[in-house]
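The structure under discussion appears below in the form of structure tokens.
The values are calculated or read from the model by the stated rules, or taken from the named source; none is laboratory data. In this text the structure is predicted, and so the values were computed from the model without any measurement. Here the Cβ positions follow ideal geometry from the backbone for every residue, glycine too, while neighbour counts run over all protein chains shown.
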Amino acid sequence: MAIADAAALAAPLEDGDVRLELLADHHIEPLRMACSRDADIWDIYPVSWAGVHFDEALAQTERFHGSRGWVRFAVLHRGAVVGMTNFIDPDVNNGSLEIGGTYIEPSVRGSGFNGAMKRLMIDRAFACGFTRIEIRVDTRNSRSMAAVLKLGATHEGTLRRNRITWTGYVRDTAIFGLLKDEWR
């Protein structure tokens, strides 16, 4: 079995108005602004990126996730930063990775933008030799769970009370999986 190519995940992705670029210093302030455009959404995220929490959230991801091989993207709509997303823990030996840590601001929600972004990421992961993609969602986030199912992923189960969020809430996490031979 061929080993997947994690380095190739980092190339920019683009389709029409949707572009994903490796998160860089010049994206930080526009990302801060994008994250501030929906202060209420952060209550159902493990970590808040809104307001005074932004700098610490960024530092945590750089310290922890950077050392674990995350591929972190700024998400752009027509050249403006509207969010972030990640390839998480690409396991080249087993051909699996997770897509997550995704936030997009309200201006692009419900427009097909998220689906286009996820399709780009899924296509890239499978083209790089990965054969399994996981997506994990707080069960309170019904909008995200519906979007993942719409992509064709299978709800494989729910981890009960598995994560304490920044608010102290102990969440349940729905696990979705998508296999290469199930895609399109």
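For the range 15-29, enumerate the residues that are in contact with a strand residue (DSSP E or B) (Cβ under 9 Å, 6 or more places away or on another chain) and closer than 16 Å to F113 by Cβ.
Result: D17, V18, R19, L20, E21.
Do we have any residue at all in the range 110-121 that's touching a helix residue (DSSP H, G or I) at 6+ places or on another chain (Cβ under 7 Å) and among the hydrophobic types (A, V, I, L, M, F, W, C)?
no
In the set R78, R124, which member is at pLDDT 95 or above and buried (at least 16 other Cβ atoms within 10 Å of the Cβ)?
On the way: R78 fails: buried (at least 16 other Cβ atoms within 10 Å of the Cβ).
The conditions single out R124.
Counting only residues that are at pLDDT 95 or above and among the aliphatic types (A, V, I, L, M), which one in the range 152-177 is nearest to F113 (Cα to Cα)?
A153
Determine whether the range 116-124 contains at least one residue that is under 24 Å from D40 (Cβ atoms) and either among the acidic types (D, E) or without any contact (Cβ under 8 Å) to a residue 40 or more places away in the chain (or both).
The first filter runs over the range 116-124 and keeps only residues under 24 Å from D40 (Cβ atoms), leaving 117-118.
Retained after the next criterion (residues that are either among the acidic types (D, E) or without any contact (Cβ under 8 Å) to a residue 40 or more places away in the chain (or both)): 118.
Among the residues of the range 116-124, at least one is under 24 Å from D40 (Cβ atoms) and either among the acidic types (D, E) or without any contact (Cβ under 8 Å) to a residue 40 or more places away in the chain (or both), which makes the answer yes.
Would you check if D17 is acidic (D, E) and in contact with a helix residue (DSSP H, G or I) (Cβ under 9 Å, 6 or more places away or on another chain)?
So D17 passes the test.
Rundown of residues vs (1) touching a strand residue (DSSP E or B) at 6+ places or on another chain (Cβ under 9 Å); (2) assigned to a strand (DSSP E or B), yes/no style:
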residue	(1), (2)
N94	yes, no
G101	yes, yes
N114	yes, no
K118	yes, no
R124	yes, no
R143	no, no
W166	no, no
A174	yes, yes
L178	yes, yes
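Being within 12 Å of R143 (Cα to Cα) and either at pLDDT 95 or above or buried (at least 16 other Cβ atoms within 10 Å of the Cβ) (or both) is the filter here; which residues of the range 110-119 pass it?
Within the range 110-119, just N114 meets the criteria.
Here is a yes/no grid of residues against (1) under 26 Å from V170 (Cα atoms); (2) more than 15 Å from the chain's Cα centre (by Cα); (3) of a type in the set (S, T, Y):
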{"site": "A74", "(1), (2), (3)": "no, no, no"}
{"site": "M84", "(1), (2), (3)": "yes, no, no"}
{"site": "G95", "(1), (2), (3)": "no, yes, no"}
{"site": "T102", "(1), (2), (3)": "yes, no, yes"}
{"site": "N114", "(1), (2), (3)": "no, no, no"}
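Give me the residue from the range 25-75 that is among the hydroxyl-bearing types (S, T, Y) and in a helix (DSSP H, G or I) and, out of that set, modelled with the highest pLDDT. Write out each step before concluding.
Step one: of the range 25-75, the residues among the hydroxyl-bearing types (S, T, Y) are 36, 45, 48, 61, 67.
Narrowing further to those that are in a helix (DSSP H, G or I): 36, 61, 67.
Values: S36: 96, T61: 82, S67: 58.
If we take residues in the range 25-75 being among the hydroxyl-bearing types (S, T, Y) and in a helix (DSSP H, G or I), then S36 is modelled with the highest pLDDT.
In the range 60-90, how many residues are in contact (Cβ under 8 Å) with a residue 40 or more places away in the chain and not basic (K, R)? Spell out how you get there, then give the answer.
In the first step, residues of the range 60-90 are kept if they are in contact (Cβ under 8 Å) with a residue 40 or more places away in the chain; the result is 61, 69, 71-85, 87, 90.
Add one more test, that the residue is not basic (K, R), and what stays is 61, 69, 71, 73-77, 79-85, 87, 90.
So the count comes out to 17.
For the range 58-68, check the following and say yes or no: at least one residue is of a type in the set (K, R), closer than 23 Å to A10 by Cβ and buried (at least 21 other Cβ atoms within 10 Å of the Cβ). Break it down stepwise before answering.
Of all residues in the range 58-68, those of a type in the set (K, R) come to 63, 68.
Pick out the ones that are also closer than 23 Å to A10 by Cβ and you get 63, 68.
Still in the list and also buried (at least 21 other Cβ atoms within 10 Å of the Cβ): none.
No, the conditions are met nowhere in the range 58-68.
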